[in-house]
Each structure stands twice: as C-alpha cells, then as structure tokens.
1. Just want the answer: with Cβ charges of +1 for Lys and Arg and -1 for Asp and Glu, which residue in T59, L105, A9 is farthest toward the dipole's positive end in the range 1-130?
2. Which whole-number percent is the relative contact order of the chain (Cα, under 8 Å, 6+ apart)?
3. For the residue pair S151 and S30, what label-to-label distance in nm results when each label sits 7 Å from Cα along the Cα-to-beta-carbon direction?
4. Where Lys and Arg each count +1 and Asp and Glu each count -1, what net charge lies around M43 among other residues with Cβ under 15 Å from its Cβ?
5. Tell me the carbon and sulfur percent of the accessible area for the range 19-77, rounded to whole percent, probe radius 1.4 Å.
6. Using a cut-off of 12 Å between beta-carbons, work out the net charge of the residues near D98 (Lys and Arg +1, Asp and Glu -1, D98 not included).
7. Which values, in whole Å and largest first, are the semi-axes of the equivalent ellipsoid of the range 65-164 obtained as the square root of 5 times each eigenvalue of the Cα gyration tensor?
8. With only Lys, Arg, Asp and Glu charged, each at its Cβ (+1 for the first two, -1 for the last two), find how big the charge dipole of the chain is about the Cα centre; round to the nearest 20 debye.
Amino acid sequence: MAESSTDAAPDRVAQIQADWRRERPDVDTSPQGVIGRLHRVGMSLTRRLTEVYARFDLTEPEFDLLATLRRSPGHARAAGDLAAHTMVTTGGLTKRVDRLEERGLVRRRGEASDARRRTVELTDAGRELIDRAFTAHMRNERDLVDELSPSDAADLERILTTWLRRLGEP
C-alpha cells in the first residue's frame, strides 16, 4: 500500500503549486492540489487499463463497445442505442463496428436500408474474447484499488460519486 501524502516527499503537483505560489502569490492554487492529482491519477489509470486491453488486441473504445454488448440482454443492441451507451457519434460507432466485424467479433443484423434500425450483436468469438478481457480487466482494477486501504477506497468512491452527481454526470 502507498504511503500517505504527509509521509512522502512533495510530489510533482506540490512542486508545481510551490512554483505558482512563488510566481503568483495572489492566486489561490489549492484547487490544483485536487484537480492536478486527479488528472494525473486519471492518466496513470488509463495507461494501466489500456495495457490490459492491448493484451487482447483491443483499444479502449473497442473494449467499451464489446463490454456494452456483453452486458446487454441477448448480447445485442440497436446501433443508435449502442452509440448512446458508448458515448460516441453514430459515425464513430460505425467505424468501430466495421473493425470488430472484420475480426469476426460482432455482426450486424436487421434492415439494410436504415442503419439506425440495425442491431449489433456479439458473435461467439466476440463473447469469448470479451469474457477473457473483462476478467483480466477486473483483476487489474482490483490490483489498482488495492493500492488504497479499504477505508480510503470506500471514502474515495463516495466522494467521487457525490462529485460526479454535482457536476451533472450520470
């Protein structure tokens, strides 16, 4: 488990804050202590998560798309619904589905004349791949969260849930 911030030498964010306090003592840099560290944590987590996806020859958006299908009833969703659940445009979704379809991981079915009425579904190969990737992903997330004490992890989850709600994020 990592040492607490009071036991460790100043981190990069603390150094940046000290520089700004020296250069601009008239500006309150205390928010940077939270936002700067949260940003750095986010970048580090993304790097650690995408390393796992890459072991399965998946990008982060491809993992997200396959995982969304896997947790959907019948392992399928309408294309428009899938775009909303993966927070991408329908054009961006089409490109991802094309790549995954070429690899035999998903298939489209439905009305060929109206892409909005088409359904995207996992193939057996897609389900098998996302099940393996998701298992590795959850093991990785467990390892990452275990860097915190159970109490700190619970506090952080509560704080982040509250903050997201206040920021208007679902």
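The values are calculated or read from the model by the stated rules, or taken from the named source; none is laboratory data. Predicted, not measured: the structure shown is a model, and the values here were computed from it. So basically every Cβ, Gly included, is an ideal-geometry build from the backbone, and we count neighbours across all protein chains shown. The accessibility values were calculated without ligands, DNA or RNA, using every heavy atom of the protein model including side chains. Shrake-Rupley method; radii C 1.70, N 1.55, O 1.52, S 1.80 Å.
1. L105
2. Values: 131 pairs, mean separation 34.8, N = 170.
Computed over the chain, the figure is 20 percent.
3. 2.4
4. Values: positive: R12, R37, R40, R47, R48; negative: D11, E51, E60.
After counting each charged neighbour, the total is +2.
5. Details: 2160 of 3890 Å².
Summing carbon and sulfur atoms, their accessible area is 56 percent of the total for the range 19-77.
6. Details: positive: K95, R96, R99, R103, R107, R108; negative: E62, E101, E102.
Once positives and negatives cancel, what remains is +3.
7. Values: eigenvalues 209, 57, 20 Å².
Calculated on Cα positions only, the semi-axes equal 32, 17, 10 Å.
8. Details: 29 positive and 30 negative charges, 137 e Å.
In debye, rounded to 20, the chain gives about 660.
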